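Reading through the structure tokens given below for one structure.
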Amino acid sequence: MPRLVISTVGTSLLTNQIDDEFDSGWNEELQKYANLTRDQVNQSHPELVNKIAELKEKAEKVLSTGNTLGIREASAELNGIYGLYEEDLSQGQKDIHWLITTDTEQGRTTAEIVKSFLVDQGIVNTNIYPEPGSGLSTANTHNFSKGIAQLIPWIQQVTEGYKKQAKICFNLVGGFKAIQGYMNTIGMFYADEIIYVFEGSNKLIKIPRLPIEVNKSEVEPYKVPLAMMDFDRELLTSWEETKKVTSNWVLVVEPDMTLSTWGQLIWNQCKEYFLSQDKPLKFPKIEYTHSFLDDYKSKPSDEKVILQENLARAACLLNNHTDGISAMKQDGIFRLRRYEGKHKDIDHFDLPKARRVSCLAKDGQLYLRHYGEHDYVNNNP
């Protein structure tokens, strides 16, 4: 079975090339500016650009020697990958590799060197996450938390696509300690195994996934605000329901609240369960008629989940704006509007995958009437 290997990438491959005798002070300089993006370094620190290019060239020369021991000593990330393949990288030519780095000049440079090396070794399906501009770094809590919040759903999406056809391995030998710590916890939910290397040796440690399951009864009381805060939606802290959510599941920056990293991780584990039940969640400012509930009950679970994700998003618009109905009208996806002709007293809004909801928009609330394909709803709004 092929593997999906997700490796955290740090900057050791660069810093290991520093000659203490001739490069005095550069360790401190690299550490000082470790969180600068590529654009920031290019604009304000041309001498650092040159130094990083010099270290990159040295690192590439080390990797080109073919000396396995030297390569493993030079790169923590490759040390783990060599251990995974028992020092025979040809075993990984059918595998998929993702390199998780920071959105910084040093992080991206290191990941690019590792990627190029793996591709040269025949592991051609090697990719780098995140895209430039994501802002993921350890510069401050905001950048780090935002980056990790984006990382979790990405990992869920990537692993979901491969879990039935590949063994999922998290290689956490390299990388920043802060990111490693989060990835270790995330790996307990999404990886089949997590690998490390014993300090000071090349001996591999494999930790299998533990049988962790979120206690859904603990999530149940908060399912509505959690669903609404998913996908980086913010809720007003003045809404009474937000005040009930377990504090370490949310981030509060008054007057808004959104999911914390742990809140996102927990909700991801059980949202399909809560969003596919026989009855839709009771979102604020949204009411269901019997005809809508009949339409909802007849749909398969995956369609119920998509519908409720969009209802949660609609509830955010209604709840977070003084005129939520206008916000629904202006939204590029929903485009809430009135029918023309004989149904001119009824509203409707669009959903992904050619679905539609008919409703009455009244006094800041939506009263949902029917749900389904366009023709079904249009003929029977």
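Would you please give the FRET efficiency between residue 90 and residue 60, computed as 1/(1 + (r/R0)^6) with r the Cβ-Cβ distance and R0 = 22 Å, to the nearest 0.05?
For residue 90 and residue 60, the calculated efficiency is 0.60.
Across the stretch 226-358, the volume of the C-alpha convex hull divided among the residues equals 123 Å³ per residue.
Computed over the stretch 218-296, the Cα gyration tensor eigenvalues convert (square root of 5λ each) into semi-axes of 24, 15, 9 Å, ordered from largest to smallest. For the chain, with the dipole built from +1 on Lys and Arg beta-carbon atoms and -1 on Asp and Glu ones, taken about the Cα centre, which of 326, 280, 310 lies farthest toward the positive end? It is 280, whose Cα lies furthest towards the positive end. When the listed pairs 51/177; 32/244; 146/223; 297/329; 163/223 are checked against a 32 Å cut-off, the alpha-carbon distance exceeds it for 32/244. Expressed in units of 2.2 N^0.38 Å, where N is the residue count, the Cα radius of gyration of the chain is 1.19.
Taking each residue as 0.36 nm, the span from residue 239 to residue 214 lengthens on full extension beyond its C-alpha to C-alpha distance by 6.4 nm.
Across all C-alpha atoms in the stretch 155-309, the radius of gyration and Dmax reach 18.9, 67 Å.
With the simple model of a label 7 Å out from the Cα in the direction of the Cβ, residue 302 to residue 120 spans 4.2 nm. For the stretch 1-127, the convex hull spanned by the alpha carbon atoms encloses 95 Å³ per residue.
Calculated on the Cα set of the stretch 92-143, radius of gyration then Dmax: 12.4, 38 Å. Extension gain, residue 184 to residue 362, is 59.3 nm, computed as 0.36 nm per intervening residue step minus the present C-alpha separation. List the lysines whose Cα lies under 16 Å from the Cα of residue 353, skipping any in the same chain that are fewer than 8 positions away. Those lysines meeting the cut-off are 299, 304. Can you give me the C-alpha center-to-center distance between the stretch 336-381 and the stretch 297-321, rounded to a whole angstrom? Cα centroid to Cα centroid, the span is 14 Å. For the stretch 108-169, a/c is not less than 1.5, where a ≥ b ≥ c are the root eigenvalues of the C-alpha gyration tensor, and a/b does not top b/c. That puts it in the oblate class.
A short reminder: the numbers here are calculations on the coordinates, not readings from a lab. Since the structure is predicted, the reported quantities are computational estimates derived from the model, not experimental observations. Positions of Cβ are backbone-derived with ideal geometry, glycine not excepted, and every protein chain shown enters the neighbour counts.
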